[in-house]
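The structure appears below as structure tokens.
The values are calculated or read from the model by the stated rules, or taken from the named source; none is laboratory data. Since the model is a prediction, treat every value here as computed from it, not as a measurement. So basically every Cβ, Gly included, is an ideal-geometry build from the backbone, and we count neighbours across all protein chains shown. Protein only, heavy atoms only, side chains kept; ligands, DNA and RNA dropped before computing areas. Shrake-Rupley method; radii C 1.70, N 1.55, O 1.52, S 1.80 Å.
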Amino acid sequence: KGAVMLVFIKKNYNKEYRREFVEECFGRYLKFCGENASELPGEAKGKNDKPYFPSRPDVRFSLSHSDNYAILAMGETEIGCDIEKIRDINYKPIANRWFFGGEIEAADSVENYFSVWTKKEAYLKLTADGLSGIRKFDVTGPLEFEGKPVVLTSVDFIPGFKGAIAAEAQEIVFEDVD
């Protein structure tokens, strides 16, 4: 069986209950992988505060939230994810400052701006490079991480939101958590 990533979507997310949300997702992920659910292992922060489980290096995750929605991607390879509520903003100056190459052309509407932005954020979370690396890559072209191709998957089925997941090519299973 190849790598499988579970992506959990929570509609009424409250960041005060972050640990409980991560714990629920961790239990569901282990069950999906055929393991007995166990207590959530302790978290640590790596490069640029990227969270990880020191006692479970085989389980990687990324969490993002915006407004009342959260998305948490969990799998066995490095992952980055981002979600943003689409807001009516003057996006062109932001795109001109932080995007380059095909990204500027792709950001031709506010919805498309958020599509490009969430892909950039997801890739930055994957690499743990932080915003300092934002102009070092173009999400409209091929991307790599540690010598392996990265696939950017759009999450655009939540009305009023754009999201993205960055990871190696693998099956993705979406689950609602509420």
* Asked: Taking amide hydrogens as modeled 1.01 Å from N in the peptide plane, which residues meet the under 5 Å criterion relative to Arg60, leaving out close sequence neighbours?
  -> Gly75, Glu76, Thr77
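Quickly rank 156-162, 43-49 as a protection proxy: mean count of other C-beta atoms within 10 Å, highest first. Numbers along the way, then the final one.
Values: 156-162: 14.4, 43-49: 11.0.
Listed from highest to lowest mean packing, they are 156-162, 43-49.
Ranking request for peptides 168-174, 115-121, 26-32: highest mean number of other beta-carbon atoms within 10 Å first, then the rest in descending order. Before the final figure, lay out each step's value.
Numbers: 168-174: 14.7, 115-121: 24.7, 26-32: 16.9.
Output ranking for 168-174, 115-121, 26-32: 115-121, 26-32, 168-174.
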* Of the accessible area of the chain, with the probe set at 1.4 angstrom, what percent is carbon plus sulfur? -> 47
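When only Cα pairs under 8 Å and 6 or more residues apart are kept, what is the percent relative contact order across segment 49-132?
Numbers: 117 pairs, mean separation 22.0, N = 84.
It comes to 26 percent, rounded to a whole number.
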* Asked: Based on the mean of other beta carbon atoms within 10 Å per residue, what is the order of 87-93, 64-70, 17-23, most packed first?
  -> 64-70, 17-23, 87-93
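Keeping every protein chain present and rolling a 1.4 Å probe, give me the accessible area per residue for segment 81-126 in Å².
On the way: 2160 Å² over 46 residues.
For segment 81-126, the solvent-accessible area averages 47 Å² per residue.
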* Does segment 63-178 classify as rounded, prolate or oblate by the C-alpha gyration tensor (a ≥ b ≥ c root eigenvalues; a/c under 1.5 gives rounded; else a/b over b/c gives prolate, otherwise oblate)? -> oblate
